[in-house]
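Taking it in order: structure first as structure tokens, then the write-up.
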Amino acid sequence: MASYVFTLSSPQETEKFGNALGVNASPGDVFCLDGDLGAGKTTLSQAIARGLQVPADCYVTSPSFAILHEYPGRIPMYHMDFYRLSDSTEVIDLGFEEYFYLLGLTVIEWSKRAEDILPTDRLGLFIEMGPNDSRRVTCSFSDEKWHARIQEILSESGLQYEILEK
Amino acid sequence: MLILGIESSCDDTAAAVLRDGRQVLSSVLSSQDQIHSRFGGVVPELASRNHLENITPIVQSALETAGCGLENIDLIAATQGPGLIGSLLVGFSYAKALSFQAGIPFIGVDHMAGHLLAVFLESDVTFPYVALIASGGTSSIFLVKSHTEFQHLGRTRDDAAGEAFDKVAKLLQLPYPGGPHVSKMADAGNGQAIAFPRAWLDEDSLDFSFSGVKTAVLNHCHRERQSDSALQIEDICASFQEAVIEVLVEKTARAATLHNVDTIVLGGGVSSNLRLRQAFSDRCHKDGRTLHVPRPAYCTDNGAMIALAGYYKYHQFGEMHHGEDVYSRSVLG
């Protein structure tokens with residue numbers, strides 16, 4: 001498991017990074033967004049949607065209540081939120097697993113609540129609040145292909161990073 | 001005419017029997033807050049598996065309470081969308097099957113149409129009116145031109161108002177359900193104590209944004225904790241509540257002015273908030289407008305509003321083909 005750690009020092013940097021993630025996304029990708037309330041999971045999801053060319057009049061809103069929103073884009077975006085779920089059995093009951101293997105991008109907020117059923121090949125984005133409205137992001141994955149993709153995304157966003165291997 | 005209404009778009013399975021678009025003979029739902037509260041958050045019975053378990057007893061109970069059988073029903077209405085496909089399918093397919101088996105006309109209705117018209121379960125309202133529907137999943141302003149014509153004027157760009165209440169409750173470690181607890185604490189606090197931001201967005205926009213005020217509450221709590229001050233929970237709740245309510249009231253009033261409408265209607269679970277009702281009542285009184293707020297049981301999701309919306313839609317457009325399917329995004333724009 002490798003991790004890339006970097007800081008988003010302004011909302012503009014968050015926008016750039018999210019946009020680059022959306023531009024880079026390919027069918028079947030699963031992005032897992034975790035972090036406390038107010039960390040900026042929905043804000044990052046909105047930027048990803050813009051990079052994915054979700055039309056501007058399709059507002060990307062918090063899916064906490066509805067659990068799943070679908071958006072049209074360059075490829076479909078399945079925006080999930082496990083905030084109100086207690087464990088993976090509820091995710092299975094809702095039939096959400098099949099979305100992971102469709103031809104869209106799945107973005108999951110509060111994914112840790114159902115970690116055991118997430119696909120092994122996924123991109124984890126853990127967001128922590130830092131000083132002066134900055135955000136510290138830990139980007140982790142197990143499939144080697146993500147090294148090249150993440151480096152490309154980070155260089156497009158002009159972000160300096162640190163790599164942790166464990 | 002007796003209408004059976006079935007609703008399963010989100011957490012609740014609900015059914016009701018309505019006579020002639022007005023008289024509610026029964027209204028039954030599956031939600032039980034005490035079951036969820038042990039999780040310390042909103043953990044609903046939301047899986048469609050639960051709708052599947054609930055649907056037959058809930059519909060039976062609605063018929064029994066109304067003192068009738070399926071043979072007395074003249075129309076079956078069910079929520080067609082928006083919502084979770086898996087959940088919607090349970091109620092919608094069940095309604096279609098009942099209709100097919102018993103030879104009763106069937107109609108699918110939009111969940112939002114139900115909320116927009118719920119006021120007719122209790123009052124006669126003249127068209128056109130402006131309606132604010134605020135709940136855990138929605139914060140939208142509509143212009144309602146008739147029982148079947150709705151124009152979407154504004155909606156949230158991030159969090160819904162009810163969701164902001166729930167998440168602020170969670171931040172302050174208040175018990176579930178969050179909204180009523182925040183309001184209760186707010187009663188004992190000073191709404192002017194902390195200047196939380198109001199998101200007005202672009203000058204002409206009737207859209208909402210409540211994500212920022214949630215983060216502002218979070219930042220306020222961090223700062224207070226860092227300086228070792230005790231959190232004034234009551235003041236935080238009151239100031240947060242004022243910030244949300246001020247924007248809801250102002251934008252709804254602005255929509256009414258813009259469309260030259262003198263009646264305002266509220267719906268959705270947040271409409272049960274007493275301070276919100278008071279603020280709307282004061283504002284409407286000042287502006288010379290009439291305000292209608294259904295009782296709380298008709299503001300939250302229920303089968304009666306679906307029966308009602310179905311009744312009017314059926315009279316306008318006739319019955320729906322059984323080949324129709326559910327949809328996840330609202331068709332009301």
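The values are calculated or read from the model by the stated rules, or taken from the named source; none is laboratory data. It should be emphasised that the depicted structure is a prediction, and the values quoted were computed from it without experimental measurement. Note that each Cβ is placed from the backbone with ideal geometry, even for glycine, and that neighbours are counted across all protein chains shown.
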Legend entry - Residues satisfying the stated conditions in the range B:194-215, i.e. without any contact (Cβ under 8 Å) to a residue 12 or more places away in the chain, under 15 Å from A:GLY38 (Cβ atoms) and surrounded by fewer than 18 Cβ atoms within 10 Å (Cβ to Cβ): none
Legend entry - Identity of the residue in the range B:78-112, polar (S, T, N, Q) and within 10 Å of B:SER8 (Cα to Cα), that ends up farthest from the other protein chains (Cβ to nearest Cβ): B:GLN80
Legend entry - Matching residues, the range B:123-140, being more than 14 Å from every other protein chain (Cβ to nearest Cβ) and modelled with pLDDT of 95 or more: B:VAL125, B:THR126, B:PHE127, B:PRO128, B:TYR129, B:VAL130, B:ALA131, B:LEU132
Inset, instruction - Taking only the range B:159-205 into account, find how many residues are within 21 Å of B:ALA253 (Cβ to Cβ) and polar (S, T, N, Q). - result: 2
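Report yes if A:PHE31 is within 23 Å of A:GLU128 (Cβ to Cβ) and away from chain B (no Cβ under 12 Å), otherwise no.
Values: within 23 Å of A:GLU128 (Cβ to Cβ): yes; away from chain B (no Cβ under 12 Å): yes.
Here the answer is yes, as A:PHE31 does meet what is asked.
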Inset, instruction - Tell me the helices (runs of 4 or more DSSP H) entirely within the range B:226-311 that contain at least 3 residues that are at pLDDT 95 or above and in contact with a strand residue (DSSP E or B) (Cβ under 9 Å, 6 or more places away or on another chain). - result: B:233-258, B:274-287
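B:LEU121 - would you say it is under 19 Å from B:MET305 (Cβ atoms) and crowded, with 24+ Cβ neighbours inside 10 Å?
Working: under 19 Å from B:MET305 (Cβ atoms): yes; crowded, with 24+ Cβ neighbours inside 10 Å: no.
In short, no.
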Legend entry - Residue check for B:ALA279: touching a residue at least 40 places away in the same chain (Cβ under 8 Å), under 25 Å from the mean Cα position of the chain (by Cα) and crowded, with 18+ Cβ neighbours inside 10 Å: no
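Mind telling me which of the residues B:GLY179, B:GLY191 ends up being at pLDDT 95 or above and either more than 17 Å from B:ALA134 (Cα to Cα) or surrounded by 18 or more Cβ atoms within 10 Å (Cβ to Cβ) (or both)?
Details: B:GLY179 fails: at pLDDT 95 or above.
The match here is B:GLY191.
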Legend entry - Tally of residues being in contact with a Gly (Cβ under 8 Å, 6 or more places away or on another chain), aliphatic (A, V, I, L, M) and over 19 Å from B:ALA297 (Cβ atoms) across the range B:112-160: 2
Inset, instruction - Return only the number of the condition from (1) part of a helix (DSSP H, G or I); (2) more than 10 Å from chain A (Cβ to nearest Cβ); (3) surrounded by 20 or more Cβ atoms within 10 Å (Cβ to Cβ); (4) not aliphatic (A, V, I, L, M) that B:ARG223 does not satisfy. - result: (3)
Legend entry - Breaking point among (1) over 30 Å from B:TYR176 (Cβ atoms); (2) modelled with pLDDT of 95 or more; (3) more than 21 Å from the chain's Cα centre (by Cα), for B:TYR94: (1)
Inset, instruction - Test each condition in (1) farther than 22 Å from B:HIS152 by Cβ; (2) in the same structural domain as B:LEU18 (by TED's automatic domain parsing) for B:MET305 and report the one that comes out false. - result: (1)
Inset, instruction - Name the strands (runs of 3 or more DSSP E) wholly inside the range A:62-122 in which the number of residues that are away from chain B (no Cβ under 12 Å) is 3 or more. - result: A:105-109
Inset, instruction - Select, from A:ILE67, A:ILE75, A:ILE48, the only residue that is among the aliphatic types (A, V, I, L, M) and surrounded by fewer than 24 Cβ atoms within 10 Å (Cβ to Cβ). - result: A:ILE75
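In contact (Cβ under 8 Å) with a residue 40 or more places away in the chain, under 18 Å from B:ASP12 (Cβ atoms) and under 16 Å from the mean Cα position of the chain (by Cα): does that describe B:GLY81? First the steps, then the outcome.
On the way: in contact (Cβ under 8 Å) with a residue 40 or more places away in the chain: yes; under 18 Å from B:ASP12 (Cβ atoms): yes; under 16 Å from the mean Cα position of the chain (by Cα): yes.
Yes: the conditions hold for B:GLY81.
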Legend entry - Only one of B:ILE141, B:ILE76, B:ILE85, B:ILE107 that is surrounded by fewer than 24 Cβ atoms within 10 Å (Cβ to Cβ) and touching a strand residue (DSSP E or B) at 6+ places or on another chain (Cβ under 9 Å): B:ILE85
Legend entry - Subset of the range B:312-321 that is touching a strand residue (DSSP E or B) at 6+ places or on another chain (Cβ under 7 Å) and either in a loop (DSSP other than H, G, I, E, B) or modelled with pLDDT under 95 (or both) - its residue that is surrounded by the fewest Cβ atoms within 10 Å (Cβ to Cβ): B:GLU319
